[in-house]
Amino acid sequence: MERFGIYGGTFNPIHNGHLHLIRAACAQLSFDRLLVVPANIPPHKAAVDLASNRDRLEMARLATAGMPGVWVSDIELRARGKSYTVLTLERLRALFPECRFTLLMGADMLESFDRWHRWRDILKLADIAAFARNEGEESLLERKAALIGRARVVRVEPLPLSSTLVREKVRRGEDISDLVPEPVAAYIYEKGLYR
Ligand code: ATP
């Protein structure tokens with residue numbers, strides 16, 4: 001049975017913390033494919049700091065180019081409206097009926113997972129692999145994973161970065177070369193994003 005990792009997020013922009021998670025997931029969970037799935041931004045959401053769907057998709061593609069088995073999917077961008085994970089998984093299940101899905105997420109997302117839309121249905125479609133974002137988060141994360149069931153914590157050295165930090169640094173005119181891969185930094189400057 002083929003194994004797919006599915007990694008959703010806003011990716012506004014994709015950064016080295018995301019890539020660290022992707023590399024660790026590929027190394028430790030032996031997926032046949034890992035889908036990076038940028039979420040659609042609903043038209044009614046305040047968009048001051050938000051790059052367009054096309055820009056977020058392009059930056060995700062630039063950042064993961066050359067990573068074997070990693071695909072960037074526009075499945076949520078094409079669906080429009082709110083990107084509910086359960087609907088994405090149902091669509092993917094219809095496309096790949098024989099595959100096993102693992103949903104990848106950081107600690108903050110696992111923390112709120114049992115408030116997500118139809119979260120119990122998500123667990124029928126996929127298992128979960130969660131990653132600490134900050135030092136010392138793991139025991140809390142393990143407890144949450146045990147409560148949810150079908151969730152496991154993958155042990156990696158955390159890389160505490162966020163898209164918020166990247167956007168703030170760009171706005172302040174500070175260097176972001178240690179936060180995002182070079183082609184993503186170049187794209188941000190070229191397009192004048194997050195000013
Ligand atoms: P923002 O700062 O704009 O809220 P973010 O950095 O949290 O963005 P998202 O695109 O919202 O990035 O995150 C997508 C997924 O990646 C989520 O599951 C999130 O928990 C996870 N994630 C983000 N940054 C890291 C990191 N540094 N380490 C591990 N997981 C991360």
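Computed quantities for the displayed model
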read-out	value
Residues of segment 151-181 with amide N under 11 Å of a point placed 7 Å along Cα→Cβ from MET67	181
Max mean-square fluctuation residue, GNM over the chain, Cα-Cα springs under 10 Å, options GLY106, GLY17, GLY136	GLY136
Helical mean residue ellipticity (222 nm; -39500 (n - 2.57) per DSSP H run of 4+; nearest 500) of the chain	-12500 deg cm²/dmol
Debye intensity ratio in log₁₀ form over the Cα atoms of the chain, taken at each q of 0.08, 0.09 Å⁻¹	-0.25, -0.32
Accessible surface of the chain, 1.4 Å probe, proportion on carbon and sulfur as whole %	51
Difference of contour (0.36 nm per residue) and Cα-Cα distance, TRP116 to ASP175	17.7 nm
Mean-position separation - Cα centroids, segment 113-153 and segment 179-195, in angstrom	32
Degrees, to the nearest 10: 182-191 long Cα axis against longest axis of the chain	60
FRET efficiency, ARG100 to GLU157 (Cβ-Cβ, R0 25 Å, nearest 0.05)	0.40
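The values are calculated or read from the model by the stated rules, or taken from the named source; none is laboratory data. Here the structure is a predicted model, which is why all the values come from computation and not from measurement. Counting neighbours? That spans all protein chains shown, and the Cβs are built from the backbone with ideal geometry, glycine included. What goes into the accessible areas is simple: the full protein's heavy atoms, side chains included, and nothing from ligands, DNA or RNA. Shrake-Rupley method; radii C 1.70, N 1.55, O 1.52, S 1.80 Å.
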